[in-house]
Amino acid sequence: MYKTYIRNNQRVYFFTVLLVITLMTMGLLIKNPLDGELGIGCAIQFIFVVIISISLLLYPKYGTHGFRTIIIIEAFIYFYNIFFLYPETWSNFIFLCFIPAVAIMFFDSKLFYFSLVINAILIAFTFGFIALIDQGDLYIYINQDLVGNGFNYLASQVLIYFIYYLTNMRIKKQELYYEQVKEAERLKTAGQLAAAVAHEIRNPVTVVKGFLQLYERDPQFNDAVKSQFTLMIDELNTAESVVSQFLSIAKPEKNLNIELVNLKVVLQSVTDLLNSYGLLNNNNIELDITEDCYIAANNIELKQLLINVIKNAIEASDIGDSVIVKGGKKKDFVEIQVIDHGRGMSEKEVECLGTPFYSLKSKGTGLGMMICFNIAAKYKGTIDFQSSINEGTTVTICFPSENNAGK
């Protein structure tokens with residue numbers, strides 16, 4: 001079905017492009033007032049009809065930002081060329097006003113603002129040329145009401161920006177909806193896996209672990225063998241931990257005590273706990289929180305979230321680097337930032353965070369971060385990652401702020 005959708009989109013695109021090419025060709029060949037005058041202007045128009053046609057046909061294959069910029073520049077040259085080539089055709093001025101609308105179709109905000117600025121500069125030069133040099137000889141319909149045409153141009157830019165704003169907002173809502181659907185799919189997958197893993201693995205693991213603990217206490221085995229039993233028990237504990245993480249996603253506790261948690265106290269407790277872990281690689285935790293902020297959450301789950309995120313920051317840091325933990329109130333939200341200067345992540349890696357079994361650690365399962373997203377969503381919070389390769393990562397956690405009255 002998805003492939004059919006893509007094919008239908010491509011058919012609509014190429015049909016539209018062929019229609020545009022046909023109209024440009026007709027404008028060049030049918031009842032052209034410059035028939036027989038093979039001047040530079042006509043040559044430029046013909047060349048750019050060909051160039052724009054090729055660019056539009058190739059765009060689906062090379063849809064980069066640079067290629068889109070080239071198409072916009074080609075559109076500028078084409079429309080300004082026909083404006084100056086056919087001064088008696090007053091409708092050409094309308095095309096100049098709506099050149100930035102082409103950028104809206106590419107869903108590229110930088111390109112849209114670029115086209116707005118470039119068009120404003122070119123219109124200013126065009127009006128200057130008409131007022132000071134042409135003085136109404138060729139562009140009498142503009143020169144007679146230069147101020148009015150200027151206001152018409154500004155009105156057209158406001159209209160284009162309004163269309164862009166509405167389109168952009170709709171796209172952002174669709175992206176948010178898509179992210180929510182992906183998150184729901186992640187949780188659904190994890191829930192299904194959790195049930196299967198718990199049923200198939202937990203019981204036999206418990207039986208094997210029980211026998212190993214029994215052998216570990218048996219005096220007929222020497223210390224060397226017992227140390228191997230201990231090692232096997234530790235590995236089974238790891239397996240049980242993974243199963244428990246799955247279960248915490250599949251069947252979250254609904255009756256946990258929710259209270260007004262003092263963020264300053266929780267962060268101090270968590271950083272004190274993890275300081276010794278960080279010192280193994282000479283990583284200090286710098287805590288910066290200057291005011292009491294309160295979050296309505298379960299104290300244990302909030303600590304679990306913060307421990308996971310700060311521990312990840314420590315593990316991502318190079319030896320000797322510090323991890324900065326900030327907390328404070330921002331408008332109606334409590335904001336926590338965990339900043340490291342480690343290897344960082346690419347955009348693709350950030351997008352995959354929270355996916356079951358996706359982890360950047362050699363022995364990671366990806367479930368820890370998934371649980372963090374789950375806890376944040378449970379208390380109407382958000383987790384945002386800003387990261388660049390070799391520049392570190394900033395994790396921003398936001399929760400609705402609660403009134404600390406009566407505390």
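The values are calculated or read from the model by the stated rules, or taken from the named source; none is laboratory data. This structure is a prediction, so every number in the text was calculated from the model and none was measured. For neighbour counting, all protein chains shown are included, and Cβ atoms are generated from backbone atoms with ideal geometry for every residue, glycine included. Protein only, heavy atoms only, side chains kept; ligands, DNA and RNA dropped before computing areas. Shrake-Rupley method; radii C 1.70, N 1.55, O 1.52, S 1.80 Å.
Scan region 102-119 residue by residue and report those that are surrounded by 16 or more Cβ atoms within 10 Å (Cβ to Cβ) and closer than 21 Å to Phe84 by Cα.
Answer for region 102-119, where residues must be surrounded by 16 or more Cβ atoms within 10 Å (Cβ to Cβ) and closer than 21 Å to Phe84 by Cα: Val102, Ser115, Leu116, Asn119.
Exactly one of these conditions fails for Val117: (1) at pLDDT 90 or above; (2) farther than 30 Å from Phe46 by Cβ. Give me its number.
Against the list (1) at pLDDT 90 or above; (2) farther than 30 Å from Phe46 by Cβ, Val117 comes up short only on (2).
Restricting the search to region 267-311, which residues are touching an Asp or Glu at 6+ places or on another chain (Cβ under 7 Å) and within 20 Å of Tyr379 (Cβ to Cβ)?
Tyr294, Ile295, Ala296, Asn299
Could you tell me which of the residues Tyr153, Tyr141, Tyr177, Tyr165 is in contact with a Cys (Cβ under 7 Å, 6 or more places away or on another chain) and more than 22 Å from Phe48 (Cβ to Cβ)?
Going through Tyr153, Tyr141, Tyr177, Tyr165 in turn, just one is in contact with a Cys (Cβ under 7 Å, 6 or more places away or on another chain) and more than 22 Å from Phe48 (Cβ to Cβ): Tyr153.
Kindly indicate whether Glu235 is among the acidic types (Asp, Glu), at pLDDT below 80 and either surrounded by 15 or more Cβ atoms within 10 Å (Cβ to Cβ) or touching a helix residue (DSSP H, G or I) at 6+ places or on another chain (Cβ under 7 Å) (or both).
In short, no.
A quick yes/no check of all residues on (1) open to solvent by 40 Å² or more (accessible area, probe 1.4 Å); (2) among the charged types (D, E, K, R); (3) at pLDDT 75 or above:
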{"residue": "Val197", "(1), (2), (3)": "no, no, no"}
{"residue": "Glu200", "(1), (2), (3)": "yes, yes, no"}
{"residue": "Asp223", "(1), (2), (3)": "yes, yes, yes"}
{"residue": "Ala239", "(1), (2), (3)": "no, no, no"}
{"residue": "Ser244", "(1), (2), (3)": "yes, no, no"}
{"residue": "Ser248", "(1), (2), (3)": "yes, no, no"}
{"residue": "Lys264", "(1), (2), (3)": "yes, yes, yes"}
{"residue": "Thr271", "(1), (2), (3)": "no, no, yes"}
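Return the residue satisfying two criteria in turn: it lies in region 357-376 and is under 24 Å from Phe399 (Cα atoms) and touching a Gly at 6+ places or on another chain (Cβ under 6 Å), and of such residues it is modelled with the highest pLDDT.
Looking at residues that are under 24 Å from Phe399 (Cα atoms) and touching a Gly at 6+ places or on another chain (Cβ under 6 Å), I get Phe373.
Kindly indicate whether Asn275 is of a type outside the set (D, E, K, R), in a loop (DSSP other than H, G, I, E, B) and under 12 Å from Val323 (Cα atoms).
In short, no.
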